[in-house]
Structure formats: C-alpha cells, structure tokens
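Okay, structure first, notes after.
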Amino acid sequence: MSAGPLPGMNASPAYTIDEVLDNFAALLDSFDFTPEIDAMGIGRMQFLRRKRALQDLRALFIALWRLALRRSFPDDFEVIFETFLERFQQAPPRNAARKEAAALAEKVRAYVDMLEHKGDADFSEAAHHLVSLLSLGDAEAKALRLRLALHIRSTYKLIFDKLI
C-alpha cells in the first residue's frame, strides 16, 4: 500500500498512512504503563512478571488502537493496521528482537479477537485476561478486573482522542 492520502475523509483533511502510523508509533513509545502495572500489584523487582505484563499491555494498547481506527477510518482501518503490524515485525534488527516482535504481534491478534465481540462497549474480557496472568483470590481478582476495565477504557479514550 502506498503512503498516499486516505480516502473517505469527509470534512477533515486527508492523512497519509505514514502520518497515522507515525502518530501512533509516537503515542505507543511515549505511553506509560506504570498505573496498570501498579494496579496489577507487580513490583519493580518482579522482572519476569513485569516483562510479561508489559508485553500484554502493549499488545492490548495496539489492539485498542485498531478499535479506534475502525471507528475513525472504517474503510481503511484494516490496511492501516496490517501495515503497522508488518512494519513492526520487520523493524527489529536482531533475530531475538524479531522473535519478540512476532510474539507481540501474535498477542495483538489475540487481543483483537477478544475485543472483536463487544468492540469499545465492554473491556471486561480483556481485563479478565490480564487478571488471569496473576495468582489472586476471587474477591481480589474481581476488584482488579473492574479497576483494569476502567484503565482500559480510559486508555482507549486517550488513543481515540489522539488518533490523528
């Protein structure tokens, strides 16, 4: 796909795919997942749990961006999203980084499938999945699911507001 203007932009100016992708890449790179990590009760010294949670949160962030794209660019969201994933997987210079990028892309697709059912109406399934990564009691897990669903909603709103 070329990086030309996106068709179908009614009253707003046309944006190129590169502009949309660059804007999202900057947003993803600058986003701080600390509130979500803290809400999940993962301490700074829990390196493996923290790394896994960060990977899942980044994957969810990308899947939330796809939801925002679908709403803002209904005719082009799939092309934009697939272009991003393709570039993301090709960007890492090392073999290990390529494997990590491929694993992240796989998680992104899992979150896309998870969010496909209810769209931006309900994020409880994604919150439930994040909580399942932790070992918590029922009452604690239920409270955390609600807190994370609210975090996910506010993250989605931020992505949507800064889409372009």
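A few points about this structure:
- Applying the criterion of at least 2 residues that are closer than 25 Å to residue 48 by Cβ and basic (Lys, Arg) to the helices (runs of 4 or more DSSP H) found wholly in the stretch 58-164 leaves 95-116, 138-161.
- Positions within the stretch 42-71 being open to solvent by less than 40 Å² (accessible area, probe 1.4 Å) and under 22 Å from residue 163 (Cβ atoms), in sequence order: 57, 59, 60, 61, 62, 63, 64, 65, 66, 67, 68, 69
- Condition check for residue 100: closer than 24 Å to residue 40 by Cα, open to solvent by 80 Å² or more (accessible area, probe 1.4 Å) and out of contact with any helix residue (DSSP H, G or I) (no Cβ under 7 Å at 6 or more places or on another chain): yes
- Residue match in the stretch 39-56 (condition: acidic (Asp, Glu), in contact with a helix residue (DSSP H, G or I) (Cβ under 8 Å, 6 or more places away or on another chain), within 22 Å of residue 24 (Cβ to Cβ) and in a helix (DSSP H, G or I)): yes
- Every residue from the stretch 32-41 that is surrounded by 14 or more Cβ atoms within 10 Å (Cβ to Cβ) and touching a residue at least 60 places away in the same chain (Cβ under 8 Å): 36, 39, 40
- Failed item in (1) buried (at least 16 other Cβ atoms within 10 Å of the Cβ); (2) more than 18 Å from residue 131 (Cβ to Cβ), with residue 75 passing the rest: (1)
The values are calculated or read from the model by the stated rules, or taken from the named source; none is laboratory data. Quick caveat, the model's predicted, so the values are computed rather than measured. As a convention, Cβ positions derive from the backbone with ideal geometry for all residues, glycine included, and neighbour counts pool all protein chains shown. SASA here: full protein model, heavy atoms, side chains in, ligands and nucleic acids out. Shrake-Rupley method; radii C 1.70, N 1.55, O 1.52, S 1.80 Å.
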